[in-house]
Amino acid sequence: MSAAKAFTNGRPVLVGYLPAGFPTVEAAIEAAVAMTEAGADVIEIGLPYSDPLMDGPVIAEAVHRSLLNGVKVKHVLHTVEAVASTGTPTLVMTYWNPVDRYGIESFARDLAKAGGAGLITPDLTPEEAGPWLRASDRYGLDRVFLVAPSTTDARIAMIAGTCRGFVYAASLMGITGTRAAVSGGAHSLVTRTRRHTDLPVAVGLGVSTGEQAAEVAGFADGVIVGSAFVRRMLDAPGQPEAIAAVRQLTEELAAGVHSGE
């Protein structure tokens with residue numbers, strides 16, 4: 001199911017991220033399913049990678065623990081299958097190297113078989129994405145590339161024209177992580193991106209509260225939250241508390257995102 005389906009109700013959507021395998025494979029599934037039940041419209045499952053250049057310390061710590069647990073691509077696909085079975089569009093957020101090593105055609109085939117919607121690829125540029133573009137066409141998968149405040153208008157047009165599902169607007173330069181306030185460049189970046197595409201534009205990097213989520217939902221089609229969820233799980237004393245914390249934060253963020261309906 002394409003992520004675009006989540007954007008068809010004419011209201012902003014909440015996109016929640018969690019890495020596969022943290023704190024365990026089954027606990028990550030339980031947490032992501034709790035997100036869907038509490039109001040998340042789209043789920044991103046992170047594929048753990050040993051050199052996460054964009055990840056801030058919170059997500060990097062969770063990914064490190066996943067890798068120590070021995071999480072592989074097969075566990076990521078298992079997670080996607082379990083979460084996608086809820087009917088919620090589920091994408092994989094991944095650096096490109098693991099996909100390349102697995103085999104681009106094989107990854108696309110297995111992701112589609114698992115019910116995944118597509119990939120978000122923060123370090124893959126459209127110019128280098130030819131094999132992935134062909135594979136994603138063959139298996140009907142979304143391909144989500146990133147634009148940033150430093151991206152020129154010409155490049156935004158090119159990137160957005162290559163996307164399918166939605167465009168990921170990284171509202172801040174630098175690594176992921178929660179922020180005390182929403183980036184002032186986020187609104188401008190969404191406005192610039194919309195000049196070049198009819199696809200939904202979702203904003204990520206920095207949102208951690210319902211108030212911030214409502215602010216971003218006032219100008220964007222989607223609000224992407226990752227580090228805040230992972231922080232709640234890292235701080236929880238046990239798995240039941242971690243799941244409860246994720247559910248509570250999802251409800252708060254969903255209320256903010258959907259407050260303008």
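Any read-out appearing in this document is the output of simple, stated calculations on the displayed coordinates, not a laboratory observation. Since we're looking at a predicted model, the values are computed, not measured. Cβ atoms come from the backbone with ideal geometry, glycine included; neighbour counts cover every protein chain shown.
With the biggest extent put first, the Cα atoms of the chain measure 47, 42, 32 Å across the principal axes.
Rounded to the nearest 500 deg cm²/dmol, what is the calculated helix-only ellipticity per residue at 222 nm for the chain, with -39500 (n - 2.57) per DSSP H run of length n ≥ 4? Can you show the working numbers first?
On the way: 11 runs with 121 residues, N = 261.
After summing the helix terms and dividing by residue count, I get -14000 deg cm²/dmol.
So if R0 is 22 Å, what FRET efficiency would residue 127 and residue 100 give, r being the distance between their Cβ atoms, rounded to the nearest 0.05? In this case the efficiency is close to 0.90.
For 229, 219, 145, the sequence from fewest to most other C-beta atoms within 10 Å is 219, 145, 229. In the chain, Cα pairs under 8 Å separated by at least six residues give a relative contact order of 23 percent.
Which FRET efficiency value, to the nearest 0.05, do you get for residue 155 and residue 259 by plugging their Cβ-Cβ distance into 1/(1 + (r/R0)^6) with R0 = 35 Å?
Numbers: r = 33 Å, r/R0 = 0.95.
E between residue 155 and residue 259, to the nearest 0.05, is 0.60.
Measuring nothing but how far apart in sequence close Cα pairs (under 8 Å, 6+ apart) lie, relative to its length, the range 1-145 scores a relative contact order of 25 percent.
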